[in-house]
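No lab work stands behind these numbers, since they all come straight from the coordinates. No experiment lies behind these values; they were computed from the predicted model shown. We place every Cβ from the backbone using ideal geometry, glycine too, and count neighbours over all the protein chains shown.
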There are 2 protein chains.
Amino acid sequence: MFRRNYSSELLEEAVEQLSSLPGIGRRTALRLALHLLGQPRENVEQFASSIVRLRRDIRHCPVCGMISDGGQCPVCGDSRRDATVVCVVESIRDVLSIENTGQYNGLYHILGGIISPIDGVGPGDLNIQALSDRISQGVIEEVVMALSTSMEGETTAYYIYKQISRFPVKVTAIARGVGFGDDLEYTDELTLGRSIANRQIFQP
Amino acid sequence: MFRRNYSSELLEEAVEQLSSLPGIGRRTALRLALHLLGQPRENVEQFASSIVRLRRDIRHCPVCGMISDGGQCPVCGDSRRDATVVCVVESIRDVLSIENTGQYNGLYHILGGIISPIDGVGPGDLNIQALSDRISQGVIEEVVMALSTSMEGETTAYYIYKQISRFPVKVTAIARGVGFGDDLEYTDELTLGRSIANRQIFQP
């Protein structure tokens with residue numbers, strides 16, 4: 001490991017800041033800092049400014065909680081999307097992942113986390129009440145749970161299920177099973193077991 | 001891969017900028033951007049400002065080319081260092097690597113690259129003349145070549161050797177051999193061959 005002796009406090013500080021990013025150690029941070037040092041000054045200023053503006057100017061969609069540059073997000077604002085289906089996810093990244101599949105045409109609802117007593121996150125800290133409010137407007141017919149299968153994810157899904165069971169909506173969950181390209185040999189028993197129990201008609 | 005559809009131009013741009021860093025793909029850039037989005041605004045501004053200041057305010061040591069916050073670098077300015085030995089390296093990173101070993105007490109000379117006709121880098125683009133000037137002052141007694149063993153590194157070392165051979169200095173090179181912890185089985189033939197040829201007295 002590199003010690004804290006870079007012959008420059010400026011470099012020291014930049015490395016310190018860069019290594020605060022997730023997955024970036026001090027060694028990588030040093031490489032990034034030295035890379036930036038070799039770039040034209042305008043580029044580096046543009047780099048920094050894009051980050052400051054991201055944090056300062058970004059807004060959240062008042063409907064689903066997705067990021068937007070102001071007002072409704074493009075998904076909620078798109079009249080071609082099926083407004084009768086809403087998919088409940090934990091984070092912005094989950095929305096981006098599902099959008100990338102191109103297989104979903106409904107709307108989203110971002111919780112902003114999952115219930116986790118250990119981390120001090122209760123139902124009140126999440127965007128759950130807003131989901132009930134959305135459903136109470138009577139347009140939504142199906143709520144798709146797309147939360148993780150961890151203890152916290154299951155707890156959160158169950159809590160939401162109880163909250164919305166008073167509404168006449170169908171509650172579904174994304175399918176669990178053996179992933180494409182996965183070896184059966186290396187698939188955990190729970191997944192494989194569920195995958196066999198929920199087998200579907202073979203479609204050649 | 002994530003497509004370019006993040007529902008926000010600000011996020012789009014930040015991801016674009018972050019993925020311009022070496023070793024950072026778009027997926028990682030997105031993760032970093034969303035991480036920054038979750039941080040307090042002051043922290044993000046401090047992050048960006050440390051990078052801008054790094055690029056804007058950093059200076060180079062007029063003697064060796066190392067980065068400094070102004071004037072001579074701490075190594076050149078340290079009277080306890082042996083000013084009769086100078087180690088020739090390609091980059092700032094190499095200096096940091098050697099400093100971290102704690103095994104070297106001389107000074108450095110950073111070339112700022114290596115001779116590489118393919119990349120259009122000739123001797124005139126490197127900090128070589130300054131090395132001759134330093135040696136001509138008569139204090140330096142030994143020049144240690146610590147360049148890579150690539151074709152370009154060897155060419156550069158040879159060029160420098162020819163340039164400084166008119167001075168009464170000893171020219172040395174860092175030892176090549178099998179690294180600590182390396183298996184002989186996986187060591188390339190050239191390294192292993194050199195390592196046997198240059199065998200040293202066993203010191204238990």
* Structure fact -> Out of A:ARG134, A:ARG166, A:ARG26, a Gaussian network model of chain A with alpha-carbon springs under 10 Å gives the largest mean-square fluctuation to A:ARG26
* Compute the label zone of B:ARG56 within segment A:19-50: residues whose backbone N is under 14 Å from the point 7 Å along Cα-to-Cβ. => A:41-50
* **Whole-number Å³ per residue for the convex hull built on Cα positions in segment B:1-92** => 142
* Debye intensity ratio in log₁₀ form over the Cα atoms of segment B:67-173, taken at each q of 0.15, 0.18 Å⁻¹ -> -0.62, -0.90
* Asked: In nanometres, what is the gap between the two model label sites at A:THR101 and A:GLN137, each 7 Å from Cα along Cα-to-Cβ?
  -> 2.5
* To do: Could you quote the convex hull projected area for chain A, Cα atoms only and averaged over all directions, in nm²?
  => 17.7
* One decimal, nm, shortest first: give the distances between the label point of B:SER136 and those of the same position in the other copies, each label point 7 Å from Cα along Cα→Cβ. => 8.6
* Structure fact -> For the protein assembly as shown, any Cys whose C-beta has no other cysteine C-beta under 4.7 angstrom counts as unpaired, and these are A:CYS64, A:CYS76, A:CYS87, B:CYS64, B:CYS76, B:CYS87
* Scan chain A and hand back the longest stretch that contains none of the chymotrypsin sites (Phe, Trp or Tyr not before Pro) lying in DSSP loops with at most 11 other Cβ atoms within 10 Å. => A:1-179
* Asked: Of the trypsin sites (Lys or Arg not before Pro) in segment B:44-130, which ones lie in a loop per DSSP and count no more than 10 other C-beta atoms within 10 Å?
  -> B:ARG80
* Asked: How big is the protein assembly as shown on each of its three principal axes, counting only the C-alpha atoms and giving the largest first in Å?
  -> 93, 48, 42
* To do: For A:GLU189 paired with A:ARG81, estimate the spin-label separation in nm (one decimal), with each label point 7 Å from Cα along the Cα-to-Cβ line.
  => 4.1
* Using the 7 Å Cα-to-Cβ label point, sort the distances from B:SER148 to its equivalents in the other copies shortest first and give them in nm to one decimal. => 3.9
* To do: Enumerate by residue number the GluC sites (Glu not before Pro) in segment B:103-161 meeting two conditions: DSSP loop (anything except H, G, I, E, B), and at most 16 other Cβ atoms within 10 Å of the site's Cβ.
  => B:GLU141
* Asked: Which lysines have a Cα lying under 27 Å from the Cα of B:LYS162, excluding residues fewer than 8 positions away in the same chain?
  -> B:LYS170
* Asked: Quick one: in chain B, whose Cβ comes closest to the B/A rotation axis, and how close in angstrom?
  -> B:ALA48, 2
* Hey, what angle do you get for helix A:41-57 against the long axis of chain A, alpha-carbon based, 0 to 90 degrees rounded to 10? -> 40
* If one takes the longest principal axis of the Cα atoms in chain B, at what angle in degrees, from 0 to 90 and to the nearest 10, does the Cα axis of helix B:151-164 lie? -> 50
* Asked: What are the distances, in nm and sorted shortest first, from the label point of A:ASP57 to the label points of the same position in each other copy, with each label point placed 7 Å from Cα along the Cα-to-Cβ direction?
  -> 2.6
* MRE, 222 nm, helices only [DSSP H, n ≥ 4, -39500 (n - 2.57), over the protein assembly as shown, to nearest 500] -> -12000 deg cm²/dmol
* State whether segment B:9-57 is rounded, prolate or oblate according to the following rule on the C-alpha gyration tensor (a ≥ b ≥ c being the square roots of its eigenvalues): a/c under 1.5 gives rounded; otherwise a/b larger than b/c gives prolate, and the remaining case gives oblate. => oblate
